[in-house]
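Peer 1: Below: one structure in structure tokens.
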Amino acid sequence: MKFNRFSILFIALIFSNFAFSQNNLGFNLPTSNAQRTQKCNYFASAFKQKPKEVQFSIVREGNKLFFSTNDKKWFSTVFKKSGDGIAIDVVSKSMYDCGKEVNKSQIKGTVLPPVFAQKLMRGFKKTVGSNRVQTFIGTIPAKLKDEELEFNILFLNDKTLCRYQRIYNLEAYAWDLLDMGVYLDSLTYKDKKIMTSDRFETKYKTLKFVIPFEKNKATYSKEDIKPLYDSLKLTDFNIKKINIKAYSSIEGSLKRNLELQEKRANSIAKSLQSFQKPNIVTEISSSENWVEFLNDISNTKYKDLKKLSKKEIKQKVVGATSKDLEKYLKNHRKAVIILDLDRKDQYKDMSKEKLVGIFNDFVLKGFVDKALVVQNSIFDKLKDENSPDLLNKLNVPKQLKFIPILNKNSIIKYVLDVSYAKIAYGELKNLEKIDPNNKSIKYNIVVVKFIMWRNNWEKIDEKAFKNQILALKKYGITQNLIDRMLVNYNIVMAEKNMRARKYDAKDESVDFIVDTYENFNLSNYDYLSLAQFLTYYANTDEATELLDEKVRTITVDEDLLYYYLNLTLIDPYAVETQDYRTIMLNAIEMNKERFCKLFSSSLDKGVTFQLLENKYLRATYCENCANK
């Protein structure tokens, strides 16, 4: 699914007791809380009442820095006095090297000369291709231009520092709708990763197995693998792809553990390849199972081990301790196997042109079931081309008998190329006249109507459209599918009301989504989509709560786990907990490079390297990322 991508820069506000008064910065630093209250009362009140939808950030273009916002009008009400304005504190990542003492002072780096109200507001210019404006605020000093930098914002009220703000980077997605699927032979989702209980697919299938291993052995028992074998023998599918995540228990040498798991994973892949001639794409990853180890010892006499580094824990888990912990460790040695299966296709080696001939012959003879099988093979060949033009050569009479074929023929045009949604909509509306109570046609009409509405391809009566969604129930569409559509309806409404600056109406749609998503089973893809949506509208607490339970399992989706870290790394209360360290170690075992990247500059796809001021994050980072 394609969607527009935005990079949202969220704000972290830092206040401490100021100990400075005299300086050559071009503005004053309050010497006490009383002075700050006196000088900054109006400014503090204005920011407190700032709509959460008003966003701002620093943009770097070469060595020039710009203040960017999506609401110039709001800032014009704040910067009223000639001494109101902005200064930038330029901070280098080198200050946070693991061998150095962290600077605890309020001003972190090099402060650029302030830019005051008149020059600031007059300099705003529209940013091409966005709804933002930006204004020039300074140039990076030559001595810092080659370093990894971040830029903290100092908001000045009457030449007095009233707000010192860091910015951290978090990606969010405004248009990420839940996949509603389409009705072909049965309900089929466009995204094969979706694993919900309301999923029925005719072409693809996914199987998941967990296989345990014995200590120091690279083989597996027949009893453990038998369910996997049996499932494959009973299906008409070929294995298309194997993803094996092999986990070792944490005791012993890291190198030995990973080598052992690699051998175990390869032995499984080799065995599965024996089921078929077509080559299987295999993905294998190996890691130590720190997540389940730390979770399992939480309520035992070994719980204090959670406070130690990984190296220190390994030194402790030896001898008698290792034997005592074996009741837990034995469950940590396993492989999680996910198989992507593809239904065997008797027409796979035929050309598209020959298949069209066979299809038309079956239709002419009235063999609907046989024609549907050939039609699926044609669709499968077309998906790599993303073009539905060949479908025009399928000759199908507009008769009730052929509705299953006609429905699939129309909706697949949208599946192959979303720009055909309006054409598919027109064809489906004509089919509805032939078979007015067909639930597949009714459902597919709503799906493509969403695309037309979302892209403003046709004027849609919003109230009537909502009623059309609700009416699907009387045609046999289940409530959980209707709920997914209602969530999408409110995603679109939230975006439209946001653009119209109808913030209360936008909040109503967001609240509906928060209250409704639990009504149906969510895939990892769905969880991530909703979390990104909530974050886009500054509902970060709801997004965090949505993901909280999911991130505590070793098989959590990587993108979902890292999005959770993006949301929570800036929460000092969360990161100091032992449970949070477990989550971080899971992320590190899954993808260490990606974890370390979180502590890059907010302008270089990191969250912010200034998180390394936190002693808990710093300890984990320096243990796993320093000099990596």
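Peer 1: List pairs: first in region 349-360 and closer than 19 Å to Ser387 by Cα, second surrounded by 11 or more Cβ atoms within 10 Å (Cβ to Cβ) and aromatic (Phe, Trp, Tyr), Cβ under 9 Å, 6+ apart or cross-chain?
Peer 2: Note: pairs meeting the criteria are Lys354/Tyr347; Leu355/Tyr347.
Peer 1: Still on this structure: I'd like to verify a number: residues in region 389-418 that are acidic (Asp, Glu) and under 21 Å from Tyr443 (Cα atoms), how many? Please lay out each step first, then the result.
Peer 2: Of all residues in region 389-418, those acidic (Asp, Glu) come to 389, 417.
Now restrict to residues that are under 21 Å from Tyr443 (Cα atoms): 417.
Number satisfying all stated conditions: 1.
Peer 1: Follow-up question, since we're still on this one. Which condition does Ile88 not pass, out of (1) of a type outside the set (D, E, K, R); (2) surrounded by 19 or more Cβ atoms within 10 Å (Cβ to Cβ); (3) over 17 Å from Ile167 (Cα atoms), if it passes all the others?
Peer 2: All conditions pass for Ile88, except number (3).
Peer 1: Another question, if that's okay. Name the single residue, out of those in region 542-562 being outside any loop (DSSP other than H, G, I, E, B) and at pLDDT below 85, that is farthest from Tyr517 (Cα to Cα).
Peer 2: Among residues in region 542-562 that are outside any loop (DSSP other than H, G, I, E, B) and at pLDDT below 85, the one farthest from Tyr517 (Cα to Cα) is Arg552.
Peer 1: On to the next question. Testing Asp380 on (1) part of a helix (DSSP H, G or I); (2) buried (at least 18 other Cβ atoms within 10 Å of the Cβ), one condition comes back false. Which one is that?
Peer 2: (2)
Peer 1: Let me ask something additional. Only one residue in Lys270, Lys311, Lys327 is among the basic types (Lys, Arg) and within 25 Å of Thr620 (Cβ to Cβ), so which one is that?
Peer 2: Of the residues listed, the single one that is among the basic types (Lys, Arg) and within 25 Å of Thr620 (Cβ to Cβ) is Lys311.
To keep it simple, each residue is scored yes or no on (1) in contact with a helix residue (DSSP H, G or I) (Cβ under 8 Å, 6 or more places away or on another chain); (2) under 17 Å from Leu154 (Cα atoms); (3) surrounded by 15 or more Cβ atoms within 10 Å (Cβ to Cβ); (4) of a type outside the set (Lys, Arg).
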{"residue": "Phe47", "(1), (2), (3), (4)": "yes, yes, yes, yes"}
{"residue": "Ser82", "(1), (2), (3), (4)": "yes, yes, no, yes"}
{"residue": "Cys98", "(1), (2), (3), (4)": "yes, no, no, yes"}
{"residue": "Met121", "(1), (2), (3), (4)": "yes, yes, yes, yes"}
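Residues checked against (1) within 30 Å of Asp71 (Cβ to Cβ); (2) touching a residue at least 12 places away in the same chain (Cβ under 8 Å); (3) crowded, with 19+ Cβ neighbours inside 10 Å:
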site	(1), (2), (3)
Glu432	no, yes, no
Met493	yes, yes, yes
Asp511	yes, no, no
Thr516	yes, yes, no
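Peer 1: Does Ile211 fit the bill of being part of a helix (DSSP H, G or I), at pLDDT below 85 and under 30 Å from Lys323 (Cα atoms)?
Peer 2: No; evaluated as a whole, the condition is false for this residue.
Peer 1: Residue under question is Ile107, and the condition is that it be over 31 Å from the mean Cα position of the chain (by Cα) and more than 30 Å from Lys506 (Cβ to Cβ); does it hold? Reasoning before the result, please.
Peer 2: Values: over 31 Å from the mean Cα position of the chain (by Cα): yes; more than 30 Å from Lys506 (Cβ to Cβ): yes.
Criteria met by Ile107.
Peer 1: How many residues does region 569-593 hold that are in a helix (DSSP H, G or I) and crowded, with 19+ Cβ neighbours inside 10 Å?
Peer 2: 12
Peer 1: Among the numbered criteria (1) in a loop (DSSP other than H, G, I, E, B); (2) farther than 22 Å from Leu428 by Cβ; (3) modelled with pLDDT of 65 or more; (4) under 23 Å from the mean Cα position of the chain (by Cα), which single criterion is violated by Thr206?
Peer 2: (1)
Quick grid of which residues meet (1) in a helix (DSSP H, G or I); (2) within 37 Å of the chain's Cα centre (by Cα); (3) of a type outside the set (D, E, K, R):
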site	(1), (2), (3)
Leu341	no, yes, yes
Gln346	no, no, yes
Gly357	yes, no, yes
Gln375	yes, yes, yes
Ser387	no, yes, yes
Asn392	yes, no, yes
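The values are calculated or read from the model by the stated rules, or taken from the named source; none is laboratory data. Quick caveat: nothing in here was measured; it's all calculated off a predicted structure. Cβ coordinates were reconstructed from backbone atoms using ideal geometry, including for glycine residues, and neighbour counts include every protein chain displayed.
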